[in-house]
């Protein structure tokens with residue numbers, strides 16, 4: 001069991017880089033099984049979820065190699081199978097992304113129901129209903145999704161909610177479907193644009209990615225392609241919040257300000273200084289932040305993946321804040337842990353009422369999920385005394401060498417286990 005030990009109270013100062021986006025890389029990897037030809041993806045973060053997805057691809061019969069320079073090379077030729085086993089898929093939700101490509105490429109799929117962080121139901125009903133509209137015959141029994149189609153056909157698919165996963169699964173299935181598919185109320189995240197760009201480089205015909213309506217004209221086959229993963233906006237946001245919470249001066253090199261507009265606006269409202277340049281984004285902070293209200297929404301709204309870190313930051317704000325979660329109902333599993341550190345938070349339905357305190361106090365805490373783990377890390381950096389963060393392996397699912405990056409900024413953090 002991995003543990004972080006943090007001696008808090010030191011402002012973070014300096015420049016730090018940001019890795020490729022986890023939420024883009026995993027979907028690009030799933031898309032490689034749409035072609036028999038070799039695909040090359042660079043700037044891939046070395047994190048647990050990426051390693052798991054490599055195992056999923058290899059288990060499906062593809063040849064997936066992760067090179068030391070952050071390059072993944074995948075060849076999914078004639079030996080591809082349709083079976084994604086429980087042992088791997090249960091480890092992360094993104095594994096469900098192989099469902100659409102398998103149906104499109106092989107006309108069948110046998111994929112275990114997904115696992116991952118326990119932050120909400122994240123029902124995959126929308127994925128399955130949308131794929132059925134494309135003509136797939138899908139059943140769910142004994143913990144597996146069984147799908148077959150013969151040949152997918154284009155359709156108009158209105159999503160009840162702009163789900164990122166459902167948009168991506170339909171997008172990957174539709175590129176090889178017969179005719180035109182229109183996704184209405186599609187997710188608009190930068191990672192959607194990234195996936196569409198990769199698929200287009202493979203020969204797909206896609207218009208409207210990044211808007212609420214995406215049109216896909218199916219093609220007969222796709223070919224290999226190369227792609228560079230965009231910078232991880234969630235990692236960048238985490239580092240910026242850490243810099244502000246510790247009263248520091250941090251530049252996140254490679255951060256794309258256009259992907260973080262609401263976060264940067266909220267940090268400004270709290271009194272932080274924000275400077276955007278070609279190099280990246282710089283945050284400076286002196287004194288306590290001012291309390292602000294925050295509500296998560298699908299992109300371009302405030303990211304749910306940055307909500308726990310923002311809660312930790314607002315825990316030391318001057319005044320009371322209301323943090324509203326509109327995406328995942330179990331996103332507040334970290335509240336009891338932050339309260340152990342002296343925070344004053346209470347939960348009211350999908351709202352967290354946060355009364356800021358002057359200082360947090362170091363304490364032993366346990367990580368319930370990936371993003372909550374990042375929140376507890378930065379809380380420990382700002383707290384007085386020692387914080388011990390247990391079950392730190394959750395954090396490895398989304399952050400590469402986060403402790404090393406924080407040490408480069410002056411943090412006193414070590415890892416055991």
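For the stretch 178-244 versus the stretch 347-413, the spacing of their alpha-carbon centroids is 31 Å.
Axis angle, to the nearest 10 degrees, between helix 190-201 and the longest C-alpha principal axis of the chain: 30 degrees. Here the extension length gained between residue 81 and residue 320 equals 80.6 nm, from 0.36 nm per residue of separation less the Cα-Cα distance. Beta bridges assigned by DSSP with both partners in the stretch 22-228 are antiparallel in approximately 70 percent of cases. Helix 233-245 axis versus longest C-alpha principal axis of the chain: approximately 0°, rounded to the nearest ten.
How much of the DSSP bridge set in the stretch 280-417 is antiparallel, in percent, rounded to the nearest 5? Antiparallel bridges make up about 55 percent of those DSSP assigns within the stretch 280-417. Solvent-free Debye calculation, one equal scatterer per alpha-carbon of the stretch 115-234: log10 I(q)/I(0) at 0.12, 0.13, 0.17 Å⁻¹ equals -0.45, -0.52, -0.88.
Each pair of Cα atoms in the stretch 300-369 enters the Kirkwood radius, and Stokes-Einstein at 20 °C and 1.002 mPa s then converts it into a translational diffusion coefficient of 175 µm²/s. Annotation: the residues 22, 266, sorted from fewest to most other C-beta atoms within 10 Å of their own C-beta, follow the order 266, 22.
The average projected area of the stretch 182-249, computed from the convex hull of its Cα atoms over all directions, is 6.0 nm². Taking all Cα-Cα distances within the stretch 255-353, those exceeding 19 Å account for 43%.
For the chain, DSSP calls about 70 percent of its internal beta bridges antiparallel.
For the stretch 187-313, the convex hull spanned by the alpha carbon atoms encloses 104 Å³ per residue. Fewest neighbouring Cβ atoms within 10 Å first, the residues 321, 211, 90 line up as 211, 90, 321. The calculated FRET efficiency for residue 408 paired with residue 265, based on their beta-carbon distance and R0 = 25 Å, is about 0.35. Residue exposure proxy: 278, 401, ordered by other Cβ atoms within 10 angstrom of their Cβ from fewest to most, comes out as 278, 401. Mean projection of the Cα convex hull over all viewing directions, computed for the stretch 42-107: 4.4 nm².
P(r) tail for the stretch 22-228: Cα pairs beyond 28 Å make up 16% of the total.
Working from label points 7 Å from Cα in the Cα-to-Cβ sense, the residue 330 to residue 348 distance is 2.5 nm.
For the chain, the C-alpha radius of gyration divided by 2.2 N^0.38 Å, with N the number of residues, is 0.98.
A short reminder: the numbers here are calculations on the coordinates, not readings from a lab. Everything numeric in this text was worked out from a predicted model, so none of it was measured. Don't worry about glycine lacking a Cβ; one is built from the backbone with ideal geometry, like all the others, and counts go over all protein chains shown.
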